Amino acid sequence: MNRAKLCLRLGLAFVFLYAATSSLLNPGDWIGFIPDWMAKLPPGADLELKGHAIFELVLGLWLLSGKLGFYAAIVAALDLAAITLVNINVMSVVFRDIGLALAAASLAFLEQESTNK
């Protein structure tokens with residue numbers, strides 16, 4: 001097993017699993033990260049937060065599984081890029097998401113390279 005891929009998978013899985021679990025258990029700590037314009041859209045901030053948490057929980061488990069790793073990494077990179085774009089005005093927070101999105105993209109490249117060999 002490629003140790004770099006394993007480290008990236010475990011690190012990204014931790015990020016998604018922590019964020020998902022924390023936002024499900026303590027939604028008040030996370031609801032403020034939903035931009036006002038998005039919170040006004042149906043189904044509303046509470047359900048948007050819960051839906052995204054469930055999505056991230058599944059994504060974290062998918063990353064941990066190592067199955068279809070290229071696709072899991074692409075989905076992770078796109079999710080993190082979307083979070084960055086939606087919250088770009090809060091650069092003091094999303095600068096981390098930019099680094100994580102690039103880490104996910106790196107995992108996708110490593111996965112692709114290993115399948116092309």
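A short reminder: the numbers here are calculations on the coordinates, not readings from a lab. Small disclaimer: the values here were computed from a predicted structure and weren't measured.
The table below lists the values:
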| read-out | value |
| --- | --- |
| Stokes-Einstein diffusion coefficient of the chain, Kirkwood radius over Cα pairs, 10 °C, 1.306 mPa s, in µm²/s | 108 µm²/s |
| Relative contact order [Cα under 8 Å, 6+ residues apart], the chain, whole percent | 30 percent |
| In degrees, nearest ten, helix 69-86 long axis to first principal axis of the chain (Cα) | 30 degrees |
| Helix 45-65 axis, angle to the chain major axis (alpha carbon atoms, nearest 10°) | 10 degrees |
| Cα long-axis angle, helix 91-115 against the chain (0 to 90 degrees, to the nearest 10) | 30 degrees |
